[in-house]
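Undergrad: First the structure, then my questions, so here it is.
The values are calculated or read from the model by the stated rules, or taken from the named source; none is laboratory data. It should be emphasised that the depicted structure is a prediction, and the values quoted were computed from it without experimental measurement. All Cβ positions, even for glycine, are placed from backbone atoms using ideal geometry, and neighbour counts span all protein chains on display.
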Amino acid sequence: MNRKIRLFGGEVEIELYGLDEGFGEVIFSDITEEALRLQKIFNLYDPASELSLLNRKRHLEVSKEMLHVLNLSERFYKMTEGRYDISKGKEFVARKNNKPVSCVSCRFTDILIKGSEVYLENPDILVDLGSIAKGYIVDKLVEYIQEIGIGSAFIDARGDMRIYGDNHETVAIQHPRDSAKTMSPIRLHNQAIATSGDYNQNNGCFRENHIVGSKDLASATIVSNDLADADGLATSLMLLGKSGAIKLLKELKNPALLIGEDMEIMKMNGYEELEYGTQG
């Protein structure tokens, strides 16, 4: 049974395998309610969201969901030696609105976390969780769907995907320079996949894309056990650039597909073994 729900400013497709139609309508209503609850926490553009309250008040006792995502973001900050930095939301908003991007003085270490209380200790901080919150919400929806007894499901959050259970899904990677083409289709089973690239959100120049600070990669695709991890890693790889991404992937062992600005294709950590048609 398949349904689409409005989330993150677009549509998210959810496939629940082997579900009775009548029962499914009730289930999808509950899933949608849970998705909207989670979105309300992380939506940067909703003035009443928990994230907006934190940015406005500068000190807030946050939910367990917010705390988890902040801690996960700190992991990527350290992993990239500060390149992945959710405190620099002002730079992202400027780029998104086609305005000059001026450097800010803040960094993740200016976000102080004491238990469940969060303090923003630099006036330049605007926390933006757009690079990771979508994946986290999908992971939480998977947990929710499992808890209500659905054995297998697939969620496609506009290209960032997660599947669990007995079923498999074949997905293809968007060609970063030709929207009519895809490449390197792979078969997923109990996995998540995310792609970060310079081609969907930019100001007419690939280098001026929504990933402020990206280097010499056109796109980075990574496979992981959960989507929050895949989302954060894909963005991190873009920020590290080709040489840094290759170095990190050698440590992580996640299957990955890197495409350079020159369209050089790099398959790492067994990515080619997942490609459709190559499995034994």
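Undergrad: So which residues in the range 236-259 are among the small types (Gly, Ala, Ser) and out of contact with any Asp or Glu (no Cβ under 6 Å at 6 or more places or on another chain)?
TA: If we filter the range 236-259 for residues that are among the small types (Gly, Ala, Ser), which is where we start, we get 236, 241, 243-245, 256.
Listed by number, the residues that qualify are 236, 243, 244, 245, 256.
Undergrad: Looking at the range 81-100, which of its residues are in contact (Cβ under 8 Å) with a residue 60 or more places away in the chain and hydroxyl-bearing (Ser, Thr, Tyr)?
TA: Once the filter is applied, which keeps residues that are in contact (Cβ under 8 Å) with a residue 60 or more places away in the chain and hydroxyl-bearing (Ser, Thr, Tyr), the range 81-100 yields only 84.
Yes/no per residue for (1) closer than 19 Å to residue 24 by Cβ; (2) of a type in the set (Gly, Ala, Ser); (3) at pLDDT 90 or above; (4) surrounded by 14 or more Cβ atoms within 10 Å (Cβ to Cβ):
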site: 135; (1), (2), (3), (4): no, yes, yes, yes
site: 153; (1), (2), (3), (4): yes, yes, yes, yes
site: 167; (1), (2), (3), (4): yes, no, yes, yes
site: 176; (1), (2), (3), (4): no, no, no, yes
site: 180; (1), (2), (3), (4): no, yes, no, no
site: 187; (1), (2), (3), (4): no, no, yes, yes
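Undergrad: Taking the condition under 20 Å from the mean Cα position of the chain (by Cα) and either surrounded by fewer than 18 Cβ atoms within 10 Å (Cβ to Cβ) or farther than 30 Å from residue 151 by Cβ (or both), does residue 13 pass? Spell out how you get there, then give the answer.
TA: On the way: under 20 Å from the mean Cα position of the chain (by Cα): yes; either surrounded by fewer than 18 Cβ atoms within 10 Å (Cβ to Cβ) or farther than 30 Å from residue 151 by Cβ (or both): yes.
Against the criterion (under 20 Å from the mean Cα position of the chain (by Cα) and either surrounded by fewer than 18 Cβ atoms within 10 Å (Cβ to Cβ) or farther than 30 Å from residue 151 by Cβ (or both)), residue 13 qualifies.
Undergrad: Ok, one more. Taking residue 159, is it more than 20 Å from residue 86 (Cα to Cα) and surrounded by fewer than 18 Cβ atoms within 10 Å (Cβ to Cβ)? I'd like the intermediate steps shown before the answer.
TA: Values: more than 20 Å from residue 86 (Cα to Cα): yes; surrounded by fewer than 18 Cβ atoms within 10 Å (Cβ to Cβ): yes.
Yes, satisfied.
Undergrad: Restricting to the range 83-104, name every residue that is among the small types (Gly, Ala, Ser) and either touching a His at 6+ places or on another chain (Cβ under 6 Å) or at pLDDT 95 or above (or both). Explain how you work it out, then say what you get.
TA: As a first pass, look at the range 83-104 and keep what is among the small types (Gly, Ala, Ser): 87, 89, 94, 102.
Listed by number, the list holds a single entry, 87.
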